[in-house]
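Each remark here refers to the structure printed beneath this line.
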Amino acid sequence: MSDVNLLEAKIRTEFGKGAARRTRRAGNVPAVLYGHQSDPQHLSLDALSFAAILRQHGTNAVLNLNIEGKKQLALTKSVVVHPIHRYIEHADLLIVQRGEAVTAEVPITLVGEAGPGTLVTQEVTTVSVSAEALNIPESLEVSIAGAEPGTQITQGAVALPKGVTLVGDPELLLVNIVEARATAEPEPEAAEGEAAE
């Protein structure tokens, strides 16, 4: 397990916007590591390696940081991406330990196709769960295959892997399936029919 998501990190001694820009120009991501009553550590992560881990394991990736020779497990808590150029501007990391339960937002993926004549609205795109730090699911699947109008899927209906528990309201609506109403087209036809008479 020690080599999975291994990421080299250096301690940053300069702070502020100018320092962050210099860090990014050097091909790194400015990050802050915090948690477990320790003082926040300002780090510099290799941008390409960090982005590759997030692509492969999602935004809840657990990182094996090598902070100038010292090993530390960390959970990716938040990532700020530049809105236009799409590079990672900043990351917040949370210190975790093996066996420790953490809370994370896990993306919901809809699978299957709802029944004919339906309109599917996904009200919420993530679910908050508690899981052991190394067993956070990358995503959770919700099947809407053949769902009829009037079907509503709540947080509590999502199947969770063993060891993963829901955090929050089980009645929160995730997916709402209603009848698709095609009212835009018939009206002009009716108007044409009236004109013909």
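The values are calculated or read from the model by the stated rules, or taken from the named source; none is laboratory data. Bear in mind the structure is a predicted one, so any value in this text is a computation, not a measurement. So basically every Cβ, Gly included, is an ideal-geometry build from the backbone, and we count neighbours across all protein chains shown.
Look at segment 91-113 and say how many of its residues are among the hydroxyl-bearing types (S, T, Y) and more than 13 Å from A131 (Cβ to Cβ).
If we filter segment 91-113 for residues that are among the hydroxyl-bearing types (S, T, Y), which is where we start, we get 103, 109.
With more than 13 Å from A131 (Cβ to Cβ) added as a condition, the list becomes 109.
Number of matching residues: 1.
Considering only segment 1-35, state which residues are surrounded by fewer than 10 Cβ atoms within 10 Å (Cβ to Cβ) and closer than 22 Å to A61 by Cα.
The answer is M1, S2, D3.
Could you grab me the full set of residues in segment 82-98 that are modelled with pLDDT under 85 and closer than 19 Å to L48 by Cβ?
Of everything in segment 82-98, those that are modelled with pLDDT under 85 and closer than 19 Å to L48 by Cβ turn out to be H82, H85, R86, Y87.
Working only within segment 88-119, note down all residues that are of a type outside the set (A, V, I, L, M), farther than 19 Å from H57 by Cβ and assigned to a loop (DSSP other than H, G, I, E, B).
Selection gives G99, G112, E113, G115, P116, G117.
Please go through segment 120-160 and pick out each residue that is touching a residue at least 40 places away in the same chain (Cβ under 8 Å) and under 15 Å from L173 (Cβ atoms).
Matches in segment 120-160: V120, T121, Q122, E123, V124, V127, S128, V158.
Among what's in segment 31-54 and is polar (S, T, N, Q) and not in a helix (DSSP H, G or I), pick the residue that is nearest to N5 (Cα to Cα).
Across segment 31-54, the extreme among qualifying residues is S44.
Would you be able to say whether some residue in segment 60-75 is assigned by TED's automatic domain parsing to the domain that holds I144 and more than 30 Å from V178 (Cβ to Cβ)?
Looking through segment 60-75, none of the residues is assigned by TED's automatic domain parsing to the domain that holds I144 and more than 30 Å from V178 (Cβ to Cβ).
Could you tell me whether D39 is surrounded by 15 or more Cβ atoms within 10 Å (Cβ to Cβ) and either in contact with a Gly (Cβ under 9 Å, 6 or more places away or on another chain) or among the acidic types (D, E) (or both)?
It is false that D39 is surrounded by 15 or more Cβ atoms within 10 Å (Cβ to Cβ) and either in contact with a Gly (Cβ under 9 Å, 6 or more places away or on another chain) or among the acidic types (D, E) (or both).
Sort out which residues of segment 55-71 are touching a residue at least 60 places away in the same chain (Cβ under 8 Å) and either in a helix (DSSP H, G or I) or touching a Leu at 6+ places or on another chain (Cβ under 9 Å) (or both), and write them in order of number.
Once the filter is applied, which keeps residues that are touching a residue at least 60 places away in the same chain (Cβ under 8 Å) and either in a helix (DSSP H, G or I) or touching a Leu at 6+ places or on another chain (Cβ under 9 Å) (or both), segment 55-71 yields H57, N60, V62, N64, N66, K71.
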